[in-house]
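Only one structure is covered here, and it is reproduced in the block below.
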Ligand SMILES: Cc1cc2nc3c(=O)[nH]c(=O)nc-3n(C[C@H](O)[C@H](O)[C@H](O)COP(=O)(O)OP(=O)(O)OC[C@H]3O[C@@H](n4cnc5c(N)ncnc54)[C@H](O)[C@@H]3O)c2cc1C
């Protein structure tokens, strides 16, 4: 049965969801305060990683954090004034790090992300942007074997779930990435992985196709949701009220402002990350490079070479600290000596992160005709199209092909 469906949020998750719902013939309206793809989905590292099944919190994380915080080039920062607010989330994060939970989370992440190429394929084909999806694999590099062995659990979790990878020595790394100087001792080549050459263009192209297919995109800020006895009745926006029947919340790091309204007070944090993009690095990598020790990726985007990473807990509204982007620029210079970052662009984005690294996907536990699709943290680009397909299955009453209980809003 065709429905009138309103989606809050035009990031990759909201737009992919809208595309899948429109394919089912529903009347679809997307409401966002910004044009499509200009919030967190704008500047990510572009990685499509069906094997990204390792949560951020793994056994021993508590002992690693002081080292990360003390290292000026480290991947993690916390504004101390924000600690009291972040504490409940951080406690849940640590609680999710025991091995039994980690194994279960890894199963649920793998079940979602393994679908990424298959779920994007019909969308990019229909929008005429198949060129954006590059199935190159990627390489992870370590300075020392000791550092690699310190990450053994992360690679075991992937291998146990069927992720195919080749171990590389220094010569093997050089074969895949001749541009890297020889100071990496061990690496891995991950098959069946890839990247999006321009994440902003992906979201905008899918959004443009949605409009050509009869979908509507409204640029409005949603201020409140009016509830009736049978579910949501209207969105109050900065430009008037919009009547709604079925609602999907895809508002990224802002989603719990809405889910709270429906009684689902999920622990969602804006985990801020940064990028630096060099438009003319004077060389071209053939595939992305991951540096696990610094939790970053370097990706050959169509607009230049991008380094992206960093986890900053400072609150959703705090001003960016571009000192974190400078750290990425320094790490890029260390990887590729001689590269000039003088003309580079910098960006900060807010990952919608849950303490257990799993998104929230599925119906509201309390209010009829409300669905959630948010909280994808570090893997929202990869998880965008699979999530859209799952939401369209749920709304159509089709079996989504995976167990959605791990993504329930009521799991905390
Ligand atoms: C540095 C960095 C690197 C990353 N690298 C990768 C990667 O390589 N691979 C990967 O898969 N993921 C990556 N990610 C994560 C990924 O970018 C996010 O998970 C993803 O973009 C989230 O998409 P979204 O649609 O949920 O949210 P968003 O893109 O943030 O979209 C949410 C939308 O909701 C709108 N909105 C919010 N509140 C309101 C309101 N009140 N009214 C109207 N509209 C509203 C916003 O304007 C926004 O457009 C990275 C993130 C960062 C920061």
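Just so it is clear, none of the values below were taken in a lab; they were calculated from the coordinates. No experiment lies behind these values; they were computed from the predicted model shown. No Cβ is skipped: glycine too gets one built from the backbone with ideal geometry, and neighbour counts run over all protein chains shown.
Please state the shape class of region 100-158: rounded when a/c is under 1.5, otherwise prolate if a/b exceeds b/c and oblate if not, all from the C-alpha gyration tensor. Please report the intermediate quantities before stating the final value.
Values: a/c = 5.91, a/b = 1.66, b/c = 3.56.
Oblate, since a/c reaches 1.5 and b/c is not below a/b.
Taking 35 Å as R0, compute the FRET efficiency from the Cβ-Cβ separation of residue 279 and residue 174 and round it to 0.05.
On the way: r = 26 Å, r/R0 = 0.74.
In this case the efficiency is close to 0.85.
Which shape class, rounded, prolate or oblate, goes with region 73-130 when its Cα gyration tensor gives a ≥ b ≥ c as root eigenvalues, a/c under 1.5 marks rounded, and past that a/b bigger than b/c marks prolate? Please report the intermediate quantities before stating the final value.
Details: a/c = 3.47, a/b = 1.79, b/c = 1.94.
Verdict is oblate for region 73-130.
Within 10 Å, count the other beta carbons around each residue, average over each peptide in 112-122, 278-288, 389-399, 16-26, and list them highest first. Can you show the working numbers first?
Numbers: 112-122: 19.9, 278-288: 16.1, 389-399: 18.1, 16-26: 23.4.
Highest-to-lowest ranking by the protection proxy: 16-26, 112-122, 389-399, 278-288.
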What's the Cα-based Rg to Rh of region 230-382, Rh via Kirkwood?
-> 1.09
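Would you work out the Kirkwood radius for region 1-86? I mean one over the mean of 1/r across all pairs of different Cα atoms, in Å. Let's see the in-between values first.
Working: mean 1/r = 0.0595 Å⁻¹.
Computed over region 1-86, the radius equals 16.8 Å.
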Could you state the angle between the C-alpha long axis of helix 12-23 and the longest principal axis of the C-alpha atoms of the chain, as a value from 0 to 90 degrees rounded to the nearest 10?
-> 50 degrees
So what's the angle, to the nearest 10 degrees on a 0 to 90 scale, between helix 99-113 and the longest Cα principal axis of the chain?
-> 70 degrees
So what is the calculated 222 nm ellipticity per residue for the chain, using -39500 (n - 2.57) for each DSSP H run with n of 4 or more, over all residues, to the nearest 500 deg cm²/dmol?
-> -10000 deg cm²/dmol
Divide, for region 120-265, the radius of gyration over alpha carbons by 2.2 N^0.38 Å, where N is the residue count.
-> 1.57
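Sort 401-409, 39-47, 295-303, 371-379 by packing, meaning the average of other beta carbons within 10 Å per residue, with the highest value first. Before the final figure, lay out each step's value.
Values: 401-409: 17.1, 39-47: 24.1, 295-303: 21.1, 371-379: 27.0.
Top of the packing list down: 371-379, 39-47, 295-303, 401-409.
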Tilt of helix 61-70 relative to the longest C-alpha principal axis of the chain, in degrees (0 to 90, nearest 10)?
-> 70 degrees
Rg from C-alpha atoms of region 312-412, normalised by the globular rule of thumb 2.2 N^0.38 Å, equals 1.48
P(r) over all Cα-Cα pairs of region 45-186, 10 Å bins from 0 to the longest distance, whole percent per bin, short to long, reads 9, 28, 34, 23, 5
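Compute the Rg/Rh shape ratio of the chain: radius of gyration over Kirkwood radius, all on alpha-carbon atoms.
0.95
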